[in-house]
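The values are calculated or read from the model by the stated rules, or taken from the named source; none is laboratory data. This one's a predicted model, so the numbers in the text were calculated from it and none came from an experiment. We place every Cβ from the backbone using ideal geometry, glycine too, and count neighbours over all the protein chains shown.
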Amino acid sequence: MSTDNRPIGVLDSGLGGISVLRELVKLMPGENFIYYGDSANAPYGTRIPEEVIDLTKKDVEFLLERGAKAIVVACNTATSVAIKELRAAYEEVLPVIGIEPALKPAVKAKEHSKVVVMATPMTLSQTKFNSMMHIYEDDANIIKMPCPGLVEYIESGVLNGPVLDAYLEKQFAPYDKAEIDAVVLGCTHYPLIRSTIQEVMGEKVRLVNPAYETALELKSLLTKMDLLSSGEQQAEFPYRFYVSDLADEFKEFANSILPYDVTMTRKIDIEKY
Ligand code: DGL
């Protein structure tokens, strides 16, 4: 068995991928990570698919240039629109995995459950999500809940308070909350406001964060491909963060939610990639 101490590259349109990084680090504490948040171009969900594909390719090019051994597309929107193109372009070079709104754990929790999937309008409109929904449609009542504007709130640091409460209450107003069994957090930004959503929905509703499954999938892939690290972080900064805008704000935010010191945060010009 060989070891590979190159970093794992994690990308998102902005802050959201941190919720995935958190799970990756928990499961693989000996790995080095490079995170890229494309904050200058967030949100991706309001763009046309071709733009999202181009932006994500630039993100991957940057992470590749920094020596990534694998890529995690820690963004449901980018995964649903661009994962096919990314795999076609890069799979010969390195493994690329994505994240998608996990319906299985939500649907299987109970017979004939009522499940709400919160995600960006773009994720919910893509064939990728709708084909998956089709598989589970007979087992559960699945409600698609597009959440326009929610990524923007989170990117601007609104994680709780009356404005967010009012947004969520309005979103759930058409439904009887007591009848909802699970809510899928189908955008990687949403676990960052998990406690606010839980408060609005009540303690009984199960919130499903697909990041854990993504971390398991990556670990199993790295194991199979003999790409796991030696278990000791070699780099001076085992977690390196790059953004295309608002580096100080990002650093402060990342420090508030990650269980280790986020010291290395830099702004880069993504247009060069
Ligand atoms: N974190 C991204 C996701 O998982 C946000 C999408 C966006 O930038 O619109 O979908």
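Okay, here's what the table says:
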read-out	value
Residue in the range 134-146 that is touching a residue at least 40 places away in the same chain (Cβ under 8 Å), within 29 Å of residue 13 (Cα to Cα) and either within 16 Å of the ligand (Cβ to nearest atom) or assigned to a loop (DSSP other than H, G, I, E, B) (or both) present	no
Of all residues in the range 1-17 being over 17 Å from residue 68 (Cα atoms) and near the ligand (Cβ under 10 Å from one of its atoms), the one that is surrounded by the most Cβ atoms within 10 Å (Cβ to Cβ)	13
Residue in the range 28-36 that is surrounded by fewer than 24 Cβ atoms within 10 Å (Cβ to Cβ), without any contact (Cβ under 8 Å) to a residue 60 or more places away in the chain and more than 12 Å from the chain's Cα centre (by Cα) present	yes
Pairs where the first residue, in the range 200-221, is touching a residue at least 12 places away in the same chain (Cβ under 8 Å) and closer than 13 Å to residue 74 by Cβ and the second is hydroxyl-bearing (Ser, Thr, Tyr) and crowded, with 21+ Cβ neighbours inside 10 Å, C-beta under 6 Å, 6+ apart	211/19
Residue within the range 107-125 that is among the β-branched types (Val, Ile, Thr) and more than 21 Å from the chain's Cα centre (by Cα) present	no
Residue 167 vs. criteria part of a helix (DSSP H, G or I), within 15 Å of the ligand (Cβ to nearest atom) and of a type in the set (Phe, Trp, Tyr)	no
Residue in the range 109-116 that is surrounded by fewer than 16 Cβ atoms within 10 Å (Cβ to Cβ), in contact (Cβ under 8 Å) with a residue 40 or more places away in the chain and out of contact with any helix residue (DSSP H, G or I) (no Cβ under 7 Å at 6 or more places or on another chain) present	yes
Output for the range 170-192, where each listed residue is of a type in the set (S, T, N, Q) and within 15 Å of the ligand (Cβ to nearest atom)	188
Test for residue 86: is it out of contact with any Asp or Glu (no Cβ under 6 Å at 6 or more places or on another chain), surrounded by 21 or more Cβ atoms within 10 Å (Cβ to Cβ) and free of Cβ contacts under 8 Å to residues at least 40 places away in the same chain	yes
Number of the exception - residue 94 against (1) in a helix (DSSP H, G or I); (2) at pLDDT 95 or above; (3) surrounded by fewer than 22 Cβ atoms within 10 Å (Cβ to Cβ)	(1)
Flag for residue 201 being aliphatic (A, V, I, L, M), away from the ligand (no atom under 16 Å from the Cβ) and surrounded by fewer than 17 Cβ atoms within 10 Å (Cβ to Cβ)	no
Subset of the range 40-61 [in contact (Cβ under 8 Å) with a residue 24 or more places away in the chain, surrounded by fewer than 23 Cβ atoms within 10 Å (Cβ to Cβ) and more than 10 Å from the ligand (Cβ to nearest atom)]	40, 49, 53, 57, 58, 61
Test: residue in the range 125-133 that is at pLDDT 95 or above, under 22 Å from residue 193 (Cα atoms) and not basic (Lys, Arg)	no
Strands (runs of 3 or more DSSP E) wholly inside the range 173-273 containing at least 1 residues that are over 22 Å from residue 55 (Cα atoms) and of a type in the set (A, V, I, L, M)	182-185, 206-208, 264-267
In the range 66-106, residue farthest from residue 6 (Cα to Cα) [restricted to those that are among the basic types (Lys, Arg) and within 20 Å of the chain's Cα centre (by Cα)]	104
